[in-house]
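J.: Dropping a structure here in structure tokens format, bear with me for questions.
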Amino acid sequence: MDYLAVGIGTQREKVVLRESGDDPLFYFNGYTFWPKVVFGQHWSYPRNRKRVYMDRESLLRLVDSLHRDKEIAKEVVFQGIEAALTTAAKKHFKSQEEISIQIDRQTGEIVAMEGDCKIDPSELGRITAQTAKQVIIQKIREAERDVIYEDYYSRKGSIVSGTVQRFEGTTMVVNLGKTEGVLHKSEQIVDEHYNNGERIRATVLDVKKVGTRVKIMLSRAHADFVRRLFELEVPEIAEGTIEIRALAREPSHRTKIAVASSDSNVDCVGACVGVRGSRIKNIVDELNGEKIDIIRWSDEPEVLLPNALKPAEVSGIILSPENQVATIVVPNDQLSLAIGKRGQNVRLASRLTSWDIDIITEAELEERQKTGALEQPTEVAGQNVAPSDNLNVTTPDAGTTEGVETGERKENP
């Protein structure tokens with residue numbers, strides 16, 4: 001086999017090659033690379049073999065097939081084949097002249113030049129074919145890697161679906177179809193268990209090129225996973241009518257999400273919950289029962305902060321805007337609820353609102369006021385925020401579902 005050509009191997013070509021006694025040179029990703037050169041309108045074997053016609057459309061069919069099946073740009077495939085043949089020709093001829101090989105994008109004709117002289121295809125040998133083979137495989141793999149990288153890099157932060165393929169220690173490898181994604185232990189939800197072949201959804205956390213492969217890192221523990229789930233389940237969020245203004249999450253335990261509506265006719269909290277809790281239930285099920293607090297966003301901290309501490313009742317608030325500290329007063333029996341298990345509720349509320357929160361009881365407020373350690377509640381944003389302010393949990397008409405808390409502050413008349 002003295003010559004190299006690339007083609008997808010039509011039935012006519014297979015018959016011709018059987019008659020000439022030749023077999024394919026090698027296979028790659030379902031494509032056949034034949035032992036002949038596509039340097040003109042036809043190709044030939046040495047004198048002791050019959051002359052066989054070669055249709056240049058074979059090359060164009062190869063390029064088109066790679067473009068459709070692998071989603072590789074045609075120009076990238078053409079450049080890869082040109083680079084492969086050029087590299088092989090340079091190694092074979094060892095010429096001081098510049099060797100260039102160009103493929104006509106319309107006709108598939110290949111023109112090889114050594115300086116100003118055309119190269120006779122019959123001068124290319126087996127070594128050229130082997131070198132071209134290696135370069136073509138490398139170029140195709142690089143093109144495939146680039147296509148996958150660009151595809152998933154543009155989807156960073158979005159949700160993808162796949163099947164659990166295998167486990168490498170505590171790391172889960174997910175089959176995404178054209179490639180694989182990895183879900184490290186730190187990005188998994190605690191107490192979740194999956195078996196091989198099970199469907200799984202996760203958000204694309206990061207995408208990196210590692211050698212000839214693309215490493216796609218997935219996450220189910222990131223806050224963006226909950227954000228994207230709300231976008232999928234709540235059409236008003238996807239359309240932009242409702243905006244997620246802030247989100248704080250401790251995976252597998254609790255999430256607090258603050259939403260606002262640009263349309264006064266749309267109840268942002270009720271829309272997120274759904275009729276009889278239908279929308280939020282799908283999200284809670286996907287998160288394996290993780291609790292979700294949905295609150296109405298407000299630009300006024302004296303309204304937002306009490307809402308963020310729900311389900312605890314708040315009786316008063318003192319703000320220190322200069323150092324972004326809020327002192328929240330709660331009834332004596334609400335202290336543990338306001339703080340939450342291991343400080344979870346107040347910690348999430350602080351992250352959600354970007355305020356440092358100090359929680360005290362009404363009894364502690366009286367003691368501090370007697371000693372002068374704490375000033376009287378001051379007027380904030382035009383309202384006198386005193387311990388007697390009425391702050392209640394309200395349930396939207398749509399209802400709530402298990403694992404979901406909704407709360408908003410009632411405005412004083």
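J.: Could you pull out the pairs from K118/K139; K70/K139; K94/K209 whose alpha carbons sit more than 23 Å apart here?
T.: Violating the 23 Å Cα-Cα cut-off are K118/K139; K94/K209.
J.: Along Cα→Cβ, 7 Å out, is where each label goes; now give me the distance between the ones at K209 and H193 in nm to one decimal.
T.: Placing both labels 7 Å beyond Cα along the Cβ direction yields 4.2 nm.
J.: Could you go through region 70-76 in sequence order and give the Karplus-derived ³J(HN,Hα) for each residue, using 6.51 cos²θ - 1.76 cosθ + 1.60 with θ = phi - 60°, rounded to whole Hz, and x for Gly and Pro?
T.: Rounded to whole hertz, the list is 9, 6, 9, 4, 4, 4, 5.
J.: Report the full-extension gain for the segment V111 to S262: residue separation times 0.36 nm, less the Cα-Cα distance, to one decimal in nm.
T.: 48.1 nm
J.: Considering only DSSP states other than H, G, I, E and B, which GluC sites (Glu not before Pro) in region 150-237 qualify as loop sites with at most 11 other Cβ atoms within 10 Å?
T.: Here the sparse-neighbourhood loop sites are E198.
J.: Let me ask you something else. What residues qualify as long-range amide H neighbours of I292, i.e. H under 5 Å apart, gap of 5 or more or another chain, H built at 1.01 Å from N?
T.: The answer is T255, V404, E405.
J.: While we're here: Of the peptides 354-360, 300-306, how do they stack up when ordered by the mean number of other Cβ atoms within 10 Å, highest first?
T.: Going from most to least packed, we get 300-306, 354-360.
J.: Go through region 264-274 residue by residue and turn each phi into a ³J(HN,Hα) via Karplus (6.51, -1.76, 1.60, θ = phi - 60°); whole Hz please, and just put x for glycine and proline.
T.: Listing the rounded values in order: 5, 8, 10, 7, 5, 5, x, 5, 6, 6, x Hz.
J.: Can you give the net charge of the other residues whose Cβ lies under 12 Å from the Cβ of T86, counting K and R as +1 and D and E as -1?
T.: 0
J.: As a footprinting exposure proxy, order Y194, Y152 by other Cβ within 10 Å, with the fewest listed first.
T.: Arranged by neighbour count, lowest to highest, Y194, Y152 become Y194, Y152.
Throughout, read-outs are computed from the coordinates displayed, never taken from laboratory work. These numbers were taken from a predicted model, which means no experiment stands behind them. In this analysis, Cβ positions are derived from the backbone assuming ideal geometry, glycine residues included, and neighbour counts consider all displayed protein chains.
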